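Asks: First, the structure itself, so that you have it in front of you.
The values are calculated or read from the model by the stated rules, or taken from the named source; none is laboratory data. Nothing here was measured: the structure is a model prediction, and the numbers come from that model. All Cβ positions, even for glycine, are placed from backbone atoms using ideal geometry, and neighbour counts span all protein chains on display. These accessible areas exclude ligands, DNA and RNA; they are computed on the full protein's heavy atoms, side chains included. Shrake-Rupley method; radii C 1.70, N 1.55, O 1.52, S 1.80 Å.
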Amino acid sequence: MTNYFHSVTLEEDKCRGCTNCIKHCPTEAIRVRNGKATIIKERCIDCGECIRVCPYHAKKAVTDPISELSKYPVKVALPAPSLYGQFGQDISRERILKGLLELGFDWVFEVAKAAEIVSDATRRIIGAGNVKKPVISSACPAVVRLVQVRFPNLINNLLKIESPMEVAARIAKQTITERENIPAEEIGIFFISPCAAKVTSVKAPYEKKESFVNGVLSMKDIHIKLLEKIKSIPWDFDGDLVSSGAYGVGWAGSGGECSALETPRTLAVHGIHNVINIFEEIVEDRLKNVDFVEALSCTEGCLGGPLTVVNPFVASTNLKWQVNRAKERDFSGENTAADYQDLLWTKDMEYKPILKLDDNMMKAMIKMQKLEEINDGLPGLDCGACGSPSCRALAEDIVRGLAFETDCIFKLREKVSDLADHMKAFEHIYRQKTED
Ligand code: SF4
Ligand code: SF4
């Protein structure tokens, strides 16, 4: 049996069964039965949409606690570029990185630098020409999982290159091991994450056997502590910590990865439901003049991740300021991929169909026919009152033995009304018989 790790989890005690979340899930992974939500593990892509929309905060992303740092003699921080957007325009990148050191990390490596390396590798891979176009970025793990469960025809379009987080972790470990002669197992690499999907990609990677990252910390968890540290760092502090240029910093927001490619035939889409629409266009072969698609699950890209603190649009304005400052410190040409072959995925991605009704083809076809019949009998309102996200999903649940037709309030009303009619008819016959 397949084991699924998911960072997005449900706290059942907090769930009030309001059904808000079922409509927003892009893979129809949530059901509400007996007044409580459940997540179908095979379908969840850890996009975090349900975390955002639950009014009772019943969904959450499980990340590593800060106490995990104490397990390692050497502690390394990998700040996601979106961290820079979480601070106002009076707080420089230099102060943020210094603040991380003050928090207890021994080293800090910018993921933005690794993003520039990934951009360089991407340019070369597209330039080499032997890729299926449009190439789809694999930087957002929720989007990669979406392709895996809903768009099998696009698996070969995915850019099979490691994410900036993984590249940064690899460089950090190698650099510290070589420079300081410290064994790799004594080095703890901690990614400071804007989202749940990154946690899942570290704990259960799809592209290789094991991640170089040892722990994932929530941006939310460290934000206040970091802000406190930054306050005591002089406003004009300029250590030697910054190593990325404007392109790497820009990766945090939507369109950043496209800009770094310096080619016009790109498309940037953000928000998981918009991503689905664009993927449908690709499947229908309607995006012929696009070579590269940057697809990010969250609104405004990683700046809108469920573990961020600042409103994504405010964060986007903050980031622009950071990008402009980075342009003053030009690192262009420094962060390149010497040999990008090292950065390619070492595992093939398999399609994980979520709609398969049975392993046996014949049985699956019979169940599909049954599903269609049940669906035809449902009202087609997709009201969600039954606890399934749509009438079709309820029909599927019934075929799978997970729900009943009477979970639909309209069907229940029909049944009750039929029963009442039968009772009336029976009463009438009974009266006639007793009068006779
Ligand atoms: S994390 Fe995304 S895919 Fe998973 S249950 Fe929530 S909304 Fe659905
Ligand atoms: S949004 Fe979903 S998880 Fe939150 S209370 Fe409503 S049913 Fe429960």
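Asks: Can you list the GluC sites (Glu not before Pro) in segment 171-256 that are in a DSSP coil and have 12 or fewer other beta carbons within 10 angstrom?
Replies: On the way: sites: E178, E180, E185, E186, E207, E210, E228; in loops: E207, E210.
When the GluC sites (Glu not before Pro) of segment 171-256 are filtered for loop state and at most 12 Cβ neighbours within 10 Å, E210 remain.
Asks: May I ask you to list the GluC sites (Glu not before Pro) in segment 344-405 that are in a DSSP loop and have at most 11 other Cβ atoms within 10 Å of their Cβ? Intermediate values should be presented prior to the final figure.
Replies: Details: sites: E350, E372, E373, E396, E405; in loops: E350.
Answer in residue order: E350.
Asks: Apply the Karplus curve 6.51 cos²θ - 1.76 cosθ + 1.60, θ = phi - 60°, to the phi angles in segment 357-368 and return the couplings in whole Hz, x for Gly and Pro.
Replies: Once rounded to whole Hz, the list reads 8, 7, 5, 7, 4, 5, 5, 4, 5, 4, 5, 5.
Asks: Using a Förster distance of 56 Å, how high is the FRET efficiency between I224 and K424, based on the Cβ-Cβ distance and rounded to 0.05? Provide the component values of the computation, followed by the final result.
Replies: Working: r = 67 Å, r/R0 = 1.19.
Calculated value: 0.25.
Asks: Setting aside same-chain residues fewer than 8 positions from K225, which lysines have a Cα under 30 Å from its Cα?
Replies: By straight Cα distance, K225 reaches K14, K59, K60, K71, K75, K98, K113, K173, K198, K203, K320, K327.
Asks: For K367, which lysines qualify as cross-link partners when the Cα separation must be under 28 Å and same-chain residues fewer than eight apart are set aside?
Replies: Partners found: K23, K36, K41, K352, K356, K411, K415.
Asks: When the chain is fully extended, how far beyond the present Cα-Cα distance does T263 get from V283, taking 0.36 nm per residue of separation?
Replies: Numbers: separation 20, 0.36 × 20 = 7.20 nm, distance 2.28 nm.
Stretched out fully, the T263 to V283 stretch lengthens by 4.9 nm.
Asks: Let me ask another. Quick one: compute the contact order of the chain, relative version, from alpha carbon pairs under 8 angstrom and 6+ residues apart, as a percent.
Replies: Values: 752 pairs, mean separation 90.0, N = 436.
Over the chain, the number comes to 21 percent.
Asks: I22 accessible area, nearest 10 Å², 1.4 Å probe?
Replies: 0 Å²
Asks: Please list, in chain and number order, the residues 5+ apart from V8 or on another chain whose amide H is under 5 Å from its amide H, with Hs placed from the backbone.
Replies: V62
Asks: In segment 282-326, which GluC sites (Glu not before Pro) are in a loop and have at most 12 other Cβ atoms within 10 Å, using DSSP for the loop call? Don't skip to the end; give the middle numbers.
Replies: Working: sites: E284, E294, E300; in loops: E284, E300.
Counting only loop positions with at most 12 other Cβ atoms within 10 Å, the GluC sites (Glu not before Pro) in segment 282-326 are E284.
Asks: At R0 = 35 Å, how high is the FRET efficiency between E210 and D291 if r is their beta carbon distance? Nearest 0.05 is fine. Spell out each step's value before the answer.
Replies: Working: r = 32 Å, r/R0 = 0.92.
The computed FRET efficiency comes out at 0.65.
Asks: Here's another thing I want to ask about it. Within segment 91-125, whose backbone N sits under 13 Å from a point 7 Å along Cα→Cβ of I171?
Replies: Within reach of a label on I171, which here means backbone N under 13 Å from a point 7 Å along Cα→Cβ, segment 91-125 contributes 108-121.
Asks: Go through segment 409-426 residue by residue and turn each phi into a ³J(HN,Hα) via Karplus (6.51, -1.76, 1.60, θ = phi - 60°); whole Hz please, and just put x for glycine and proline.
Replies: With coefficients 6.51, -1.76 and 1.60, one gets 5, 6, 5, 5, 4, 4, 5, 5, 5, 4, 4, 4, 4, 4, 4, 4, 4, 5 Hz.
Asks: For K288, list the aspartates and glutamates whose Cα falls under 15 Å from its own Cα; do not include residues on the same chain fewer than 8 positions away.
Replies: Straight-distance partners of K288: E280.
Asks: Counting only helical runs of four or more DSSP H residues, what would the 222 nm mean residue ellipticity of the chain come to if each run contributes -39,500 (n - 2.57) and the total is spread over all its residues? Write down the numbers at each step before the final one.
Replies: On the way: 15 runs with 179 residues, N = 436.
Per the formula, -12500 deg cm²/dmol.
Asks: A further question follows. Convert each backbone phi in segment 43-51 into a coupling constant with the Karplus relation 6.51 cos²θ - 1.76 cosθ + 1.60 (shift: θ = phi - 60°), then list the ³J(HN,Hα) values in order as whole Hz, x for Gly and Pro.
Replies: Values per residue, Gly and Pro as x: 9, 6, 10, 6, 6, x, 4, 5, 5 Hz.
Asks: Taking the simple approach of a point 7 Å from Cα along Cα-to-Cβ for both V53 and E405, what is their distance in nm?
Replies: It works out to 2.9 nm between the two label points.
Asks: Sticking with this one: For segment 70-187, state what percent of all Cα-Cα pairs lands in each successive 10 Å bin, counting from 0 Å until the bin that includes the largest distance.
Replies: 12, 32, 30, 20, 5
Asks: Return the FRET efficiency for the residue pair V62, K433: r is the Cβ-Cβ distance, R0 is 60 Å, and the value is rounded to the nearest 0.05. All intermediate terms of the calculation are to be shown ahead of the outcome.
Replies: Working: r = 66 Å, r/R0 = 1.10.
So the FRET efficiency works out to roughly 0.35.
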